[in-house]
Structure formats: structure tokens, C-alpha cells
Amino acid sequence: MNNKSGSSKASADKLVKNIRRKTRQTYSAEEKIRIVLAGMRGEESISALCRREGIAESLYYSWSKEFLEAGKRRLSGDTARQATSPEVKELRSEAMALKECVADLTLENRLLKKSMTGVGEDLE
């Protein structure tokens, strides 16, 4: 009997975790910046700010760190965006397809020019 209640408790915990995961609030970049700037103003404590916004303090501090690092990179002149691996692969394959298209069109153009000059020479 004890074994059944333990397994039902584990399944209930799993269900609660899944519900929390699916209903977790996602914050936009603007909301994150607003919260971090509010914390930097120092008008209220970080713990009070986090309670009011419904976030963990650790989440606030990770956002704050990302915010400051992004600002530091931008001020140092690094404006290049970090591309993800799938993006890079997709862009490379697209570039290769475009190069092949240009090569095909160039070859077709040369063949047409040769055929036009060949026809013109026969007439003269």
C-alpha cells in the first residue's frame, strides 16, 4: 500500500511539474530590460522587485548579467550577431544553391552568345 501511494505521489509531482512548465510565463526582451533597469535604479530592493514581478532573484541576476554583457559588447564595437549553427548551415546551403544558379545562367548566356555569333557568321 505504501508503494502505491509513493508512485501516485511521484506521478502527481510529475503532473504538477508539467503543468508549471507549460504555463510558465515568458518575458519579452522589453520586459526583461524594464525589470533590470528598475532593479538598477535602486528605488526598491531586488527581492521586493522580484516578488512584485513574480520571478526568482537568480533569474533577475542572470538577466542583469546578460544585459550588462550585451551593453559592453555593443560599446566595444562588436555589432555582429551570434548566428546559431542551424542558421549557418541554412545560409551556406542557400549560398551554394544561388552560386549554382548563377553558374547555370552564365553557361546558358555563353551558349546563347556563341549560337548568335555562329548564326551571324553564316549569313555574311
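Evaluate the stretch 36-43: report whether one residue or more is free of Cβ contacts under 8 Å to residues at least 12 places away in the same chain, part of a helix (DSSP H, G or I) and surrounded by 10 or more Cβ atoms within 10 Å (Cβ to Cβ). Among the residues of the stretch 36-43, at least one is free of Cβ contacts under 8 Å to residues at least 12 places away in the same chain, part of a helix (DSSP H, G or I) and surrounded by 10 or more Cβ atoms within 10 Å (Cβ to Cβ), which makes the answer yes.
Tell me the residue from R24, R34, R20 that is modelled with pLDDT of 90 or more and of a type in the set (K, R), please. Spell out the reasoning first.
Values: R24 fails: modelled with pLDDT of 90 or more; R20 fails: modelled with pLDDT of 90 or more.
The unique qualifying residue is R34.
When the stretch 44-57 is filtered for residues that are within 17 Å of T26 (Cβ to Cβ) and assigned to a helix (DSSP H, G or I), the ones remaining, listed by number, are C50, E53.
The values are calculated or read from the model by the stated rules, or taken from the named source; none is laboratory data. Being a predicted model, the structure only gives us computed values, none of them experimental. Neighbour counts run over all protein chains shown; Cβ positions are idealised from the backbone, glycine included.
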